[in-house]
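One structure below.
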Amino acid sequence: MSTSCNPANQDHPCYSHEAHGLFARIHLPVAPACNIQCNYCNRKFDCSNESRPGVTTTKLSPEESVKKVLYAGSKIEGLSVAGIAGPGDALANPKQTFKTLGLLKEYAPDLKLCISTNGLMLPFYAKKLKELGVDHLTVTLNAIHPSVGAKIYAWVYDTHSKKRYTKEEGAELLLNRQLKGIEECVRLGMMVKINSVLIPGVNEEELPHVAKKIKSMGVALHNIMPLLSLPEFGTYFSDHGVPSATDAQVEEMRKRCDIGVEQMSHCRQCRADAVGILGEDRSSEFAQGEFLALP
Ligand code: CLF
Ligand code: SF4
């Protein structure tokens, strides 16, 4: 069944192709820290899990974010989703993320709540997210073999052991947590979307394996996004000559991965403070100011 037909997705602009021109989302940049280092990320910019690198985002407190949501809701027709997608990782900032979700549940109960994460802490927080009303969750899964993951992740920091893991050991720890977390979220009835960054020369042969795995796990949607690699991003990949993925490469990969999980094709690689209909950048309109003065 297409995810668009599922009533839970009818007004979610990312999960339903039909909804993406009609309904709007707001991202709340309450999560500055991250617990892994992807080789396509520069911390000076937004998380490219769900965010276009290249533009920094003003961080907000949970209270400020809720004011922003209420303000934006009064100005934007069809605002249906509030999401936390960085600028770091939502679950590497549990205090801010959970406080924000709790406040949203109280003050904006009609909005769908959405989270994007690298998945490292997901097995520990899946239940809590569900309790707080998160029904849509995205995990970025770029590899299914630690040997490939080791080329994508420089390190992974585990808060439990207080240790930093590198190479295949780090990639394996991340992968195991991602798979466990995804499994738990599907079991809890959440609509799970997988984002995969297509990295030319690094994970082309890997993404069809990712597609096969997530199909077997009951994932709702697969979003293959191009690596954006420009010298000014200053990432490991851009510094080491790994090129951006072209539209044709993405198109071809979506065909290769179209083996049972619906492929998303309308993603706009949003900023961590994106506001509005997908592709329409109204973030500057809501960047500062009026909403902070609200009681
Ligand atoms: Fe935001 Fe992501 Fe939720 Fe959508 S974005 S947290 S699922 S509400 Fe959407 Fe933007 Fe693509 Fe993400 S277009 S980057 S898929
Ligand atoms: Fe950057 Fe996001 Fe990767 Fe963290 S998970 S390193 S913020 S792209």
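The values are calculated or read from the model by the stated rules, or taken from the named source; none is laboratory data. Everything quoted here is computed from the prediction, not taken from an experiment. Here the Cβ is made from the backbone with ideal geometry for all residues, glycine too, and neighbour counts use every protein chain on show. When the accessible area is computed, the model is the full protein with side chains, heavy atoms only, and any ligands, DNA or RNA have been set aside. Shrake-Rupley method; radii C 1.70, N 1.55, O 1.52, S 1.80 Å.
For the chain, what is the mean residue ellipticity at 222 nm derived from helices alone (per DSSP H run of n ≥ 4: -39500 (n - 2.57); sum divided by total residues; nearest 500 deg cm²/dmol)?
My calculation for the chain gives -9500 deg cm²/dmol from helical runs alone.
Considering only DSSP states other than H, G, I, E and B, which trypsin sites (Lys or Arg not before Pro) in the range 135-191 qualify as loop sites with at most 16 other Cβ atoms within 10 Å?
Qualifying residues, ordered by number: LYS162.
Based only on Cα atoms, what Rg/Rh ratio does the range 153-295 have, Rh being taken as Kirkwood's radius?
The Rg/Rh ratio comes out at 1.01.
Suppose we look only past 30 Å in the calculated P(r) of the chain. What percent of the Cα-Cα pairs does that tail hold?
More than 30 Å apart: 24 percent of the Cα pairs in the chain.
Here are some pairs, LYS59/LYS215; LYS128/LYS193; LYS128/LYS167; LYS68/LYS163; which of them have Cα atoms lying more than 25 Å apart in this structure?
LYS59/LYS215; LYS128/LYS167; LYS68/LYS163
Hey, what D do you get for the range 58-210 in µm²/s if you plug the Kirkwood alpha-carbon radius into Stokes-Einstein at 20 °C and 1.002 mPa s?
The calculation lands on 130 µm²/s.
Can you give me the angle between helix 62-75 and the longest principal axis of the chain, using Cα atoms only, in degrees from 0 to 90, rounded to the nearest 10?
70 degrees
Starting from the coordinates of the alpha-carbon atoms of the range 234-287, obtain the Kirkwood hydrodynamic radius over all distinct pairs and give the value in Å to one decimal.
The answer is 14.1 Å.
Give me the mean projected area, in nm² to one decimal, of the convex hull enclosing the Cα positions of the range 61-142.
Mean shadow area of the hull around the Cα atoms is 5.5 nm².
Hey, any idea what % of the chain's accessible area is carbon plus sulfur with a 1.4 Å probe?
About 52 percent, which is the carbon plus sulfur part of the accessible surface.
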